[in-house]
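Written out below as structure tokens is the structure these notes cover.
The values are calculated or read from the model by the stated rules, or taken from the named source; none is laboratory data. Source: prediction; values computed, not measured. No Cβ is skipped: glycine too gets one built from the backbone with ideal geometry, and neighbour counts run over all protein chains shown. What goes into the accessible areas is simple: the full protein's heavy atoms, side chains included, and nothing from ligands, DNA or RNA. Shrake-Rupley method; radii C 1.70, N 1.55, O 1.52, S 1.80 Å.
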Amino acid sequence: MAVGQDPIVKDLLQFTTCDVSDALCKLKVPNGGFLSGLTLWSPQRQEGMTRIVGPAYTVKYVPLDDPSPKHPTHYIDSIPTGAIIFISCPPNTPNAVYGGLMSTRAQVSGAVGSIIDGRFRDLHEQRALNYPVFARDLSTAPPYELVKVAGVNVPVKLQTSEQDIEIRPDDYLIGDLNGVVVLPKELAKEVLPLMRKQVEADENVAKEIKGGMKFMEATRKFR
Amino acid sequence: MAVGQDPIVKDLLQFTTCDVSDALCKLKVPNGGFLSGLTLWSPQRQEGMTRIVGPAYTVKYVPLDDPSPKHPTHYIDSIPTGAIIFISCPPNTPNAVYGGLMSTRAQVSGAVGSIIDGRFRDLHEQRALNYPVFARDLSTAPPYELVKVAGVNVPVKLQTSEQDIEIRPDDYLIGDLNGVVVLPKELAKEVLPLMRKQVEADENVAKEIKGGMKFMEATRKFR
Amino acid sequence: MAVGQDPIVKDLLQFTTCDVSDALCKLKVPNGGFLSGLTLWSPQRQEGMTRIVGPAYTVKYVPLDDPSPKHPTHYIDSIPTGAIIFISCPPNTPNAVYGGLMSTRAQVSGAVGSIIDGRFRDLHEQRALNYPVFARDLSTAPPYELVKVAGVNVPVKLQTSEQDIEIRPDDYLIGDLNGVVVLPKELAKEVLPLMRKQVEADENVAKEIKGGMKFMEATRKFR
């Protein structure tokens with residue numbers, strides 16, 4: 001997990017996605033920035049200690065018959081070092097919008113991981129690269145019969161009917177075993193002290209509980 | 001897997017969830033008591049030999065705007081030894097209703113596992129505790145912006161449109177790799193001899209099949 | 001993974017499901033033959049190097065109140081060596097239509113794997129047999145209260161609202177980490193040279209990308 005020059009990324013790497021969501025809930029961000037349905041597939045399937053943090057580099061796929069013109073260049077050749085690629089695909093697309101060659105190129109560019117709001121493929125290859133991939137699901141088919149890229153580094157919405165949440169270029173994305181969280185860039189400096197305080201309180205509560213104290217008592221003592 | 005004083009729990013630990021469902025189907029219990037959608041996440045994701053058995057201790061979350069008052073005490077501080085915590089959450093809630101501190105406290109109380117009909121979080125922590133958790137899915141966000149506890153040790157319905165099935169306090173819950181089954185407490189003594197007979201027949205059928213006998217012939221011989 | 005006498009099976013075993021889908025997309029087969037929702041459960045859950053290839057031997061379950069008569073014999077006693085069993089179950093059935101004894105018998109018959117368009121059970125047993133199983137989901141309950149077999153070796157449709165795709169007896173089924181693909185039998189000889197060409201091009205592209213070439217440049221060079 002490469003760490004960019006951004007000191008906020010370095011700080012965020014100390015915390016879990018749950019810590020970030022706890023802080024964002026305190027700031028009244030709905031669902032604490034949680035992006036439901038995006039889970040870890042590579043290097044391992046919801047196992048291990050993978051954690052990625054970086055600014056979002058977004059890619060927007062739309063149906064082939066969408067009036068938007070196709071984006072003139074290939075997004076994969078312009079990834080900033082330290083970025084997390086976030087690919088948005090129309091819901092219920094059975095085909096993959098991301099594969100092994102994309103990760104091969106992303107890794108050379110210094111991307112820290114890819115998050116696919118849709119399906120991806122070439123799982124053996126992703127794991128052989130030891131490259132972090134979060135996604136909604138797998139597929140075997142290429143995308144070109146159904147979708148096209150209409151925008152790069154534009155705001156995209158999470159493709160679910162259960163949440164109304166946007167991922168904008170340079171928002172921070174944080175991914176680990178629990179899932180993926182988007183941290184709006186303008187809130188990054190505000191969440192860090194909130195998280196430090198919360199994590200310390202939780203550690204103290206856990207310690208007292210293990211020693212036999214009731215949860216409510218321990219909570220009152222440290223929160 | 002702690003075993004309580006209850007001899008039925010000790011007996012049930014000899015059998016798989018499939019054995020229990022087979023017996024319940026013979027007694028005309030729909031779906032053999034199977035609770036669809038609740039799968040093993042900790043200590044491993046649908047791997048290993050985890051099996052939990054115990055009486056249900058239920059917790060009912062409702063939407064924040066539900067007219068029911070909030071339950072006056074925290075459920076986590078009153079768990080009976082040997083119990084399985086069953087937490088019911090309104091469907092399509094993106095936030096978690098269960099986390100690492102809850103398992104820390106549950107484990108100290110002697111609970112044998114937790115089953116979340118909804119989302120939970122802190123997967124690293126759950127696994128570090130080596131505590132069994134079954135759930136519908138993961139999340140990163142805390143529950144308080146969306147739901148509240150309205151009942152403890154009250155009957156709850158499985159949160160699915162595909163089944164109409166209830167979990168009542170002290171019904172037996174059995175969980176393993178295949179999923180979770182609820183065994184109505186009044187049927188527990190009836191299923192045990194049915195299971196013993198069925199498992200013995202299945203073992204004999206498997207042996208004959210491995211020796212080259214056709215399935216139908218082996219079945220007629222032993223069932 | 002037993003290989004039958006069929007030279008096409010032997011050739012197909014050199015390729016991934018993604019390779020097959022790439023070739024089928026070139027031949028305008030929708031979704032490149034991908035069968036969404038069918039994932040690897042045994043011998044490992046979406047891990048390892050499992051790959052199965054073989055002609056489909058289909059089994060069609062229908063609701064118990066369907067007017068079709070029940071199939072007169074048990075499908076499991078007539079599996080051709082080298083076949084892949086494909087079991088179709090009505091959608092939203094919480095019960096399993098396949099279990100450990102079926103795999104025990106299938107393995108003796110020389111089947112190379114089973115693909116369940118529905119739920120299966122006895123996961124420990126499937127893994128102990130080291131037998132490949134792909135399926136939609138798990139269950140604990142037997143099927144007989146809800147469904148019956150109405151046809152063996154008849155065409156079946158994938159049970160999803162998102163795709164309109166049929167699996168016919170002797171179509172080739174290919175399954176690996178990425179999922180399952182159906183290759184219509186009449187296209188098998190046509191896809192093999194397409195795949196060889198594509199895989200070679202992809203390997204060259206990957207090599208150039210790792211050496212620092214941009215994706216678009218590498219693609220223009222080799223495709």
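On the basis of being touching a helix residue (DSSP H, G or I) at 6+ places or on another chain (Cβ under 6 Å), within 24 Å of C:Gly82 (Cβ to Cβ) and either open to solvent by less than 50 Å² (accessible area, probe 1.4 Å) or in a loop (DSSP other than H, G, I, E, B) (or both), does C:Ile209 make the cut?
Here the answer is no, as C:Ile209 does not meet what is asked.
Can you name every residue in the range A:69-108 that is open to solvent by less than 40 Å² (accessible area, probe 1.4 Å), assigned to a loop (DSSP other than H, G, I, E, B) and more than 10 Å from chain C (Cβ to nearest Cβ)?
A:Ile79, A:Gly82, A:Ala83, A:Cys89, A:Pro90, A:Val97, A:Tyr98
Is it the case that B:Thr50 is under 14 Å from the mean Cα position of the chain (by Cα) and surrounded by fewer than 21 Cβ atoms within 10 Å (Cβ to Cβ)?
So B:Thr50 fits the description; yes.
Given the criterion part of a helix (DSSP H, G or I) and of a type outside the set (D, E, K, R), identify the matching residue among B:Leu187, B:Leu173.
Only one candidate qualifies: B:Leu187.
Taking into account only those residues within the range B:149-174 that are charged (D, E, K, R) and open to solvent by 30 Å² or more (accessible area, probe 1.4 Å), which is nearest to B:Pro90 (Cα to Cα)?
Among those residues, the one meeting the criterion is B:Lys157.
If you scan the range C:134-146, which residues turn out to be touching a Leu at 6+ places or on another chain (Cβ under 7 Å) and within 12 Å of chain B (Cβ to nearest Cβ)?
Within the range C:134-146, C:Ala135, C:Arg136, C:Leu138, C:Leu146 qualify.
Cβ-Cβ under 8 Å, sequence separation 6+ or interchain: first residue in the range A:73-98 and at positive phi, partner assigned to a strand (DSSP E or B). Which pairs?
The qualifying pairs are A:Gly82/A:Gly54; A:Gly82/A:Pro55.
Residue-wise test of (1) at the interface with another protein chain (Cβ under 10 Å from one of its Cβ atoms); (2) touching a strand residue (DSSP E or B) at 6+ places or on another chain (Cβ under 8 Å); (3) among the β-branched types (Val, Ile, Thr).
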site	(1), (2), (3)
B:Gln159	no, yes, no
B:Gln163	yes, yes, no
B:Pro193	no, no, no
B:Ala206	yes, no, no
B:Lys210	yes, no, no
B:Lys214	yes, no, no
B:Thr219	yes, no, yes
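Given (1) polar (S, T, N, Q); (2) within 14 Å of chain B (Cβ to nearest Cβ); (3) farther than 30 Å from B:Val29 by Cα; (4) open to solvent by less than 60 Å² (accessible area, probe 1.4 Å), where does C:Gln198 come up short, assuming only one miss?
Failed condition: (2).
Going through the range B:119-143 one residue at a time, which ones are part of a strand (DSSP E or B) and open to solvent by 10 Å² or more (accessible area, probe 1.4 Å)?
Within the range B:119-143, B:Arg119, B:Arg136, B:Asp137 qualify.
Find the residue count for the range C:29-65, including only residues that are outside any strand (DSSP E or B), in contact with a helix residue (DSSP H, G or I) (Cβ under 6 Å, 6 or more places away or on another chain) and of a type outside the set (Gly, Ala, Ser).
Total satisfying the criteria: 1.
Out of the range B:1-47, which residues are surrounded by fewer than 16 Cβ atoms within 10 Å (Cβ to Cβ) and hydrophobic (A, V, I, L, M, F, W, C)?
B:Met1, B:Ala2, B:Val3, B:Leu13, B:Leu27
Starting from the range C:35-53, keep only residues that are within 19 Å of A:Ala141 (Cβ to Cβ), then list their pairs with residues that are among the charged types (D, E, K, R) and assigned to a strand (DSSP E or B) whose Cβ atoms are within a distance under 6 Å, requiring at least 6 positions of separation or different chains.
Pairs found: C:Gly37/C:Arg136; C:Arg51/C:Asp176.
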